[in-house]
């Protein structure tokens, strides 16, 4: 079930999630198969933790990987992926559920790799959902900075 605050965020921005059976879209590959789109169109959200203790949410194409050198240049600190416990403590999501549709007080970045697609599909706070949205609207409604963080 989509978290209430995420649902309200989507409604406020006139977006609607596509939902599937629980646990069916925890990875970019499984989400792409369910939505019948390319893996690159899945906007995967990854929580990173800087060596300085700060957290950063990065949204990138499902077929891309974070480049650690670009991430350090962008954030000003060496980074690593957050643990499941850190993820839950910071965003109240479990792995496979992370989405950019929640106020969190951390910096959000959207990788330019998503710009090549007319429609991208971030999760809606569950491991069984996708939200069709344009790259431009995703940046506008999340207040995220566009970046080049993938390699």
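Listed by first and then second residue, the pairs with beta-carbon distance under 9 Å, at least 6 apart or on different chains, first residue in the stretch 68-86 and over 12 Å from residue 47 (Cβ atoms), second modelled with pLDDT under 95 and in a loop (DSSP other than H, G, I, E, B), are 68/151; 69/151; 70/151.
The listed residues are 64, 49, 12, 94, and the only one of them that is within 13 Å of the chain's Cα centre (by Cα) and at pLDDT 95 or above turns out to be 64.
Out of the residues in the stretch 45-64 that are in contact with a strand residue (DSSP E or B) (Cβ under 6 Å, 6 or more places away or on another chain) and over 16 Å from residue 107 (Cα atoms), state the one that is surrounded by the fewest Cβ atoms within 10 Å (Cβ to Cβ). For the stretch 45-64, the residue satisfying everything is 64. Of all residues in the stretch 107-151, which are assigned to a helix (DSSP H, G or I), closer than 23 Å to residue 75 by Cβ and touching a residue at least 12 places away in the same chain (Cβ under 8 Å)? Within the stretch 107-151, 112, 113, 114, 115, 135, 138, 139, 141, 142 qualify.
For the stretch 69-85, filtering for residues that are within 30 Å of residue 38 (Cβ to Cβ) and in contact with a strand residue (DSSP E or B) (Cβ under 7 Å, 6 or more places away or on another chain) leaves 8.
The values are calculated or read from the model by the stated rules, or taken from the named source; none is laboratory data. These numbers come from a predicted model, not from an experiment. Glycine gets a Cβ as well: all are built from the backbone with ideal geometry, and neighbour counts include every protein chain shown.
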